[in-house]
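Asks: To start, I am sharing the structure in question, which I have written as structure tokens.
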Amino acid sequence: MSEGNASLPPGSTIGILGGGQLGRMMAVAALQLGYRVIGYAPPGDNVAADVCSDFFHKAWGDAEALAAFAQKCDIITWEFENVPVQTVEALPQDRLHPHPRALETAQDRLREKQFASEHGARPAPFASAETESDFKDAIERIGAPGILKTARDGYDGKGQWRVRSAQDAQAIRFPGQACVYEGFVDFDAEFSVILVRGQDGETRFWASPANVHDDGMLTSSTVPAGDTIDAMVEEARAIAGKVAEALGYVGVLTLEFFATKDGPVFNEMAPRVHNSGHWTIEGAATSQFENHIRAICGLPLGSTDTRFGWVEMRNIVGPDALTAHAMLSEKGEPHLHLYGKADAKEGRKMGHVTRVSHKRQTG
Ligand code: AMP
């Protein structure tokens, strides 16, 4: 380390809020760097606990448990973007990365779109819809097709309703919470910008993958993304860089975009490591998980260079996980990651497989 740069020495303890697969993979990266990891999440299938030396299965609002957790941690981060802001604000701020303002911004779709717009992003036309009557007004203003999304707590396509026509909207039971209505984007492809920003502001970007979704959930991410996406990555990176800077961000940040004939249209941001960045474990010189840990611990960032001519990550969802070992016989050096979740129920992300090759594989 250079002089004056206070990095966290080996043997220190990293606290992770959230107990899912992102925390599990982050913890593995932290262990490799010689850290200990402690987790905190409400009771549930907290698969990160398998690789943590201690895990607090406690409610987000349990002040006593939070204080005990914080006391054991030298640095604290999160893997889950719906950790209540009050929870992170109750933790020692000088030992927390990223800053809670990133969570505050990303947890509310309306705020997120406004914030990103202020920093050069162009989202789909959108309107706040706090009530059913706002929703109707929004359709009139923006038109259909469009998508009604809950402003908070949505993920993997949950809390979203497609509105194909104004008549269609009659059939939608307006949820009892604030929503955002947005125009449907006619896109050629989808992609993400995944960056890591260090404590000194140094920012590095991984190659942007082409992301394919099914019913709102990511199914695959592929690098290289192809000419259509590659042509707009620079513009998207500039926006993501400005957003990260404005948030004083430390760690990995992801912004998702639609590639349209008019350029990149901002969809949403995730103030954390991201499913579309899982390919970096085998496909990049340094993974998103390792660089997140390096950033929050004040270590030098690792290279984000892509190591292969072709990398493809596919999610393993639901009961497919039960036969996932068969994927190890696929072409393209498959690497399997199973998250150790107990219940392989339909629609649940159970693992992923990454294939790498010097040239594109088919089949
Ligand atoms: P989100 O949870 O907002 O990221 O949405 C999940 C997925 O739904 C996106 O990745 C798209 O595939 C699709 N989607 C969401 N919003 C829109 C939109 N305004 N226009 C077209 N497709 C959308």
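The values are calculated or read from the model by the stated rules, or taken from the named source; none is laboratory data. Small disclaimer: the values here were computed from a predicted structure and weren't measured. So basically every Cβ, Gly included, is an ideal-geometry build from the backbone, and we count neighbours across all protein chains shown.
Asks: Does any residue of region 155-172 turn out to be charged (D, E, K, R), in contact (Cβ under 8 Å) with a residue 40 or more places away in the chain and not assigned by TED's automatic domain parsing to the domain that holds T219?
Replies: Yes, that holds for at least one residue.
Asks: If you don't mind, another one. Could you count how many residues in region 282-321 are of a type in the set (K, R) and over 19 Å from M25 (Cα atoms)? Reasoning before the result, please.
Replies: Let us first name the residues in region 282-321 that are of a type in the set (K, R), namely 294, 307, 314.
This time we only want the ones that are over 19 Å from M25 (Cα atoms), so: 307.
Total meeting the criteria: 1.
Asks: Ok, one more. How do the pairs read when you match residues in region 214-242 that are within 23 Å of I281 (Cα to Cα) and part of a strand (DSSP E or B) with residues anywhere that are within 16 Å of the ligand (Cβ to nearest atom) and of a type in the set (G, A, S), using Cβ under 6 Å and keeping only pairs 6 or more apart or on different chains?
Replies: Close Cβ pairs (under 6 Å, with a partner that is within 16 Å of the ligand (Cβ to nearest atom) and of a type in the set (G, A, S)) amount to M217/G157; S221/S276; T222/A210.
Asks: Where in region 160-199 are there strands (runs of 3 or more DSSP E), lying wholly inside it, with at least 2 residues that are in contact with a helix residue (DSSP H, G or I) (Cβ under 7 Å, 6 or more places away or on another chain) and either more than 10 Å from the ligand (Cβ to nearest atom) or under 30 Å from S287 (Cβ atoms) (or both)?
Replies: 189-197
Asks: Ok, one more. Name every residue in region 243-261 that is surrounded by fewer than 16 Cβ atoms within 10 Å (Cβ to Cβ) and either among the aliphatic types (A, V, I, L, M) or part of a helix (DSSP H, G or I) (or both), in order of residue number.
Replies: Of everything in region 243-261, those that are surrounded by fewer than 16 Cβ atoms within 10 Å (Cβ to Cβ) and either among the aliphatic types (A, V, I, L, M) or part of a helix (DSSP H, G or I) (or both) turn out to be E245, A246.
A quick yes/no check of all residues on (1) more than 26 Å from P271 (Cβ to Cβ); (2) buried (at least 20 other Cβ atoms within 10 Å of the Cβ):
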| site | (1), (2) |
| --- | --- |
| D153 | no, no |
| K158 | no, no |
| W161 | no, no |
| A169 | yes, yes |
| I172 | yes, no |
| C179 | no, yes |
| F187 | no, no |
| I194 | no, yes |
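Asks: Follow-up. Before we move on, is A116 assigned by TED's automatic domain parsing to the domain that holds Y35 and small (G, A, S)?
Replies: no
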